[in-house]
Ligand SMILES: *Cc1c(COP(=O)(O)O)cnc(C)c1O
């Protein structure tokens, strides 16, 4: 949809006349244009029907070009002359930004250009939660701000410009109106208003329409609107999407794909709730939560507000020798939320770095404790802990492509993959091999490192809580530390706040990341017990790590908002519901040929195939069907935001079923 959204700095600034005049000017240029009023309050009942005042004005100016009469270009009408949210409430109805956006798109079908006129200013409420801003974001049109040139205009115009830009929208320009005649003293003030708004707002003044009266009123207005269109045309650089995508293919490295023959990428314009909006306007239901992160959905108002508020203070300061409220609050919250014995927090800038920090802590602990031969890590096959070298050394040796990095990676000690499934009875013998290998090597082992319960990127397997309990006991028996990597599983994903709660064990060192910032910023943390921290720091010891962006205030502020949200919402019920819905909706996949297993834990659903899937082909099919899933290897899996609804889960699962049934995975 092409066009503009017209908003005002206030009500009664001439927004409707400007909209009508722009419409007429577009029509005069031969464009198929339409002006639309999503919500009209203050309608009047006439003998022949409802009079919609703003649409009447569009009709008046556009009359010669609509010989059959102007269409009913209004989505919702109300009689009381008040704010839309109140008018709707009085009528016993509700307004919703998504529904309004759909209705506007419907009206705009087949038009070259549509001009959408808001109601009042940009922050005017639509309902208890949403304002006109939400409708503007959903329509994602460039915004024209109409400002009445009078005392106070500068303040109102600049605040509107800033607020609209803060919502990620482009301000196409400001149209100045003069709804009252200027006195002699006013003239210079009004001229200064225009210049000041342009300069301070760094914005185009599309038109400066003088006070108009008399018989030529409408046509004078249209003449100014035509000039405004010329300015808009001159400013509108149509971004060359094809060129950008070519550059992306040729120069931008994407994860785990070739630089010269990459897998296809889809271009995203914005994301909101559980939906990703592509450049061409198509919307995808997102089943990935951007790799476990966006647990509250995208663009959550509280997270966005936290980022904006922190932006107003500082994006970043170094953490060496300095500290700040967002980091202190975050570390306090993490100490409270995570298992009791974890008392010291090291902030890292990504999950992999938090794993590096955990490994270094374990090694420094043993060094400080005089156990200098203990320099190895013990882990199980099938794990994933990140892509930096220390983390890679404990990833599954086959999946992790250790042969590519042999000589660089330290040699660690591997036990077989846990073969005791979460939902099956536990066989104590499944721990025997691990116990034996640890026994043989214990004098060299500093720590056991595993992902608790869920082996994520290494194969999306869920193992039995007793196995983890067994590892804790083995660690204690041999005097080694237990590092739990909760980067994927932490913050509710498995149905427990942390997956280690399934086994009732506490680690000596724990890594968190991914959902920590609600998917907004890169942030992770490594937590340690008092014993670990105090041993490392005994006799003047210091922990030797300090990333440049350690404790980034912006990331910490968003994480505080995200954890706050987690604490105040019933995430557990939501995750349990999602588990039920995933179970019921993925079950039919079990009967399809080529499917090896279907499994669900918390808000994680996995369809494992017998053979590796064709990622490019599946991705194309999924996008065509309006969902976003990114399979890997033999796995088609989903870990949606906790706010996803039952029908959306159903849609994801049904699409997976259809993809396999119609052989799109080959
Ligand atoms: C994603 C992940 C990591 C790595 O985190 P990054 O932020 O990608 O560096 C480490 N461990 C586990 C379990 C993960 O899922």
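Criterion first (in contact with a strand residue (DSSP E or B) (Cβ under 6 Å, 6 or more places away or on another chain) and either closer than 22 Å to residue 636 by Cβ or away from the ligand (no atom under 16 Å from the Cβ) (or both)) does residue 448 satisfy it?
no
Only one of (1) surrounded by fewer than 19 Cβ atoms within 10 Å (Cβ to Cβ); (2) in contact (Cβ under 8 Å) with a residue 12 or more places away in the chain is not met by residue 446, so which one is it?
(1)
Inside segment 169-191, can you point out the residues that are in a loop (DSSP other than H, G, I, E, B) and under 43 Å from the mean Cα position of the chain (by Cα)?
The answer is 169, 170, 178, 179.
If you go through segment 170-195, how many residues are farther than 23 Å from residue 6 by Cβ and in contact with a strand residue (DSSP E or B) (Cβ under 6 Å, 6 or more places away or on another chain)?
0
From the list 474, 468, exactly one residue is assigned to a helix (DSSP H, G or I) and within 16 Å of the ligand (Cβ to nearest atom). Which is it?
Just a single option satisfies the conditions, and that option is 468.
Would you mind finding the one in 150, 89 that is without any contact (Cβ under 8 Å) to a residue 12 or more places away in the chain and either surrounded by fewer than 21 Cβ atoms within 10 Å (Cβ to Cβ) or in the same structural domain as residue 228 (by the TED database) (or both)?
None of the others qualify; the one that does is 89.
Restricting attention to segment 523-551, which residues are under 19 Å from the mean Cα position of the chain (by Cα) and assigned to a loop (DSSP other than H, G, I, E, B)?
Result: 523, single match.
Return only the number of the condition from (1) modelled with pLDDT of 95 or more; (2) under 35 Å from the mean Cα position of the chain (by Cα) that residue 21 does not satisfy.
Here residue 21 meets the rest and fails (2).
Could you list, in sequence order, the residues of segment 284-326 that are under 20 Å from residue 101 (Cα atoms) and surrounded by fewer than 19 Cβ atoms within 10 Å (Cβ to Cβ)?
Residues satisfying the conditions are 299, 301.
Where in segment 41-121 are there strands (runs of 3 or more DSSP E), lying fully within it, with 2 or more residues that are farther than 19 Å from residue 18 by Cα and at pLDDT 95 or above?
74-77
So that you can scan it fast, the table gives a plain yes or no per residue for (1) at pLDDT below 95; (2) away from the ligand (no atom under 16 Å from the Cβ); (3) out of contact with any helix residue (DSSP H, G or I) (no Cβ under 7 Å at 6 or more places or on another chain); (4) not assigned by the TED database to the domain that holds residue 483:
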position: 383; (1), (2), (3), (4): no, no, yes, no
position: 388; (1), (2), (3), (4): no, no, no, no
position: 393; (1), (2), (3), (4): no, no, yes, no
position: 398; (1), (2), (3), (4): yes, yes, yes, no
position: 404; (1), (2), (3), (4): yes, yes, yes, no
position: 408; (1), (2), (3), (4): yes, yes, no, no
position: 415; (1), (2), (3), (4): no, yes, no, no
position: 418; (1), (2), (3), (4): no, no, no, no
position: 422; (1), (2), (3), (4): no, yes, yes, no
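Could you tell me which residue of segment 498-522 is surrounded by the fewest Cβ atoms within 10 Å (Cβ to Cβ), considering only residues that are away from the ligand (no atom under 16 Å from the Cβ) and assigned to a loop (DSSP other than H, G, I, E, B)?
504
Which ones in segment 110-126 are under 19 Å from residue 6 (Cα atoms) and surrounded by fewer than 17 Cβ atoms within 10 Å (Cβ to Cβ)?
112, 123
Quick one: which strands (runs of 3 or more DSSP E) sit completely within segment 572-666 and have at least 3 residues that are modelled with pLDDT of 95 or more, in contact with a helix residue (DSSP H, G or I) (Cβ under 8 Å, 6 or more places away or on another chain) and buried (at least 16 other Cβ atoms within 10 Å of the Cβ)?
Correct list: 595-601, 604-609.
Taking interchain pairs and intrachain pairs at least six residues apart, which have beta carbon atoms under 8 angstrom, with the first residue in segment 523-535 and more than 21 Å from residue 513 (Cα to Cα) and in contact (Cβ under 8 Å) with a residue 24 or more places away in the chain and the second within 16 Å of the ligand (Cβ to nearest atom) and in a helix (DSSP H, G or I)?
none
Looking at segment 323-351 only, could you name the residues that are under 22 Å from residue 468 (Cα atoms) and within 16 Å of the ligand (Cβ to nearest atom)?
338, 351
Could you tell me which residue of segment 372-399 is surrounded by the fewest Cβ atoms within 10 Å (Cβ to Cβ), considering only residues that are over 19 Å from residue 484 (Cα atoms) and touching a residue at least 40 places away in the same chain (Cβ under 8 Å)?
373
Would it be correct to say that residue 233 is within 30 Å of residue 65 (Cα to Cα) and modelled with pLDDT under 95?
Taking the combined requirement at face value, the residue satisfies it.
The values are calculated or read from the model by the stated rules, or taken from the named source; none is laboratory data. None of these values were measured; they are calculated from a predicted model. Reconstructed Cβ throughout: ideal geometry from the backbone, glycine too, with neighbour counts over all protein chains shown.
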